[in-house]
Amino acid sequence: MEQQQQQHLFITLSFFLVFFLHCSTPTLAQAPALAPAPPGPTNVTKILEKAGQFTIFIRLMKATQVANQLLGQLNNSNNGITIFAPSDSAFSSLSAGTLNSLTDEQKVELVQFHIIPTFLSSSQFQTVSNPLRTQAGDSADGKFPLNVTTSGNSVNITSGLTNTSVSGTIYTDGQLAVYQIDQVLKPYQIFDPRPPAPAPAPAKSKKKAAAIAESPDDTTADNSKAVSLTAMQNVVFWGVSAIVIALSL
């Protein structure tokens with residue numbers, strides 16, 4: 001009996017001890033969930049590197065500093081960008097030495113000719129106004145004209161010297177759209193510059209023209225006066241002669 005009481009007392013004390021330890025143990029504060037890391041800046045060259053087969057276009061973008069310009073435009077403003085990216089096979093189809101023959105300024109213009117300073121989704125190609133203005137500059141005929149037409153799901157692009165079509169969408173996020181093309185877009189300004197229009201011939205002086213126009217009339221008037229004077233002299237001469245002859249008779 002006494003042994004049972006001791007066991008009961010031991011169990012009771014154990015229960016109170018466990019309860020006391022449970023209540024006195026500090027509750028660890030739950031650490032707040034980590035906020036997701038902010039997305040990195042939109043980098044066109046990294047997008048193209050991930051897609052593959054755009055090595056030459058990437059090299060041109062970096063060499064001309066256009067890549068850095070795009071990085072700033074995309075991450076420091078809300079302006080959209082559309083890029084027509086020629087594949088490596090597109091550059092391979094150019095005549096040998098074409099890129100090496102270009103000046104640094106022409107290389108910049110060539111890269112910028114593939115960039116539209118606004119975001120164009122695939123559906124917007126159906127309603128876009130031609131010619132498109134590129135970052136290369138003036139879209140007037142003979143400089144940097146670029147026109148887009150659609151036929152069903154096909155998007156056709158022409159520069160006047162190059163006719164190609166969009167072969168795929170590489171990237172789009174509502175601000176940046178990158179489309180693959182299989183030919184390099186060649187602008188007139190670089191590959192077929194047109195000579196400037198000849199200057200108009202200078203207009204003739206009005207005074208000289210008037211003098212030339214009046215000269216024949218003046219000569220005619222002088223001749224008429226001379227003829228009239230001669231006729232009068234003849235009349236007087238013959239009249240006097242007739243009087244002299246009459247008196248002599």
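What follows draws every value from the coordinates through simple rules; no lab data is involved. Just so it is clear, the structure is predicted and the values come from calculations on it, not from any experiment. In this analysis, Cβ positions are derived from the backbone assuming ideal geometry, glycine residues included, and neighbour counts consider all displayed protein chains.
Things worth noting here:
- At R0 = 30 Å, FRET efficiency that the Cβ-Cβ distance of Thr172 and Lys143 yields, to 0.05: 0.55
- Each label point was placed 7 Å from the Cα along the Cα-to-Cβ direction; for Gln106 and Lys62 their separation is 2.4 nm.
- Close amide H pairs (under 5 Å, H built 1.01 Å from N) link Ile181 with Ala85, Ser87, Ser167, residues at least 5 positions away or on another chain.
- Unsatisfied cross-links (Cα-Cα over 21 Å) in the set Lys107/Lys186; Lys46/Lys143; Lys107/Lys143; Lys62/Lys107: Lys46/Lys143
- Three-way shape call for region 44-188 based on the alpha-carbon gyration tensor, with the a/c threshold at 1.5: rounded
- Cα gyration tensor shape for region 114-176, rounded if a/c is under 1.5, else prolate or oblate: oblate
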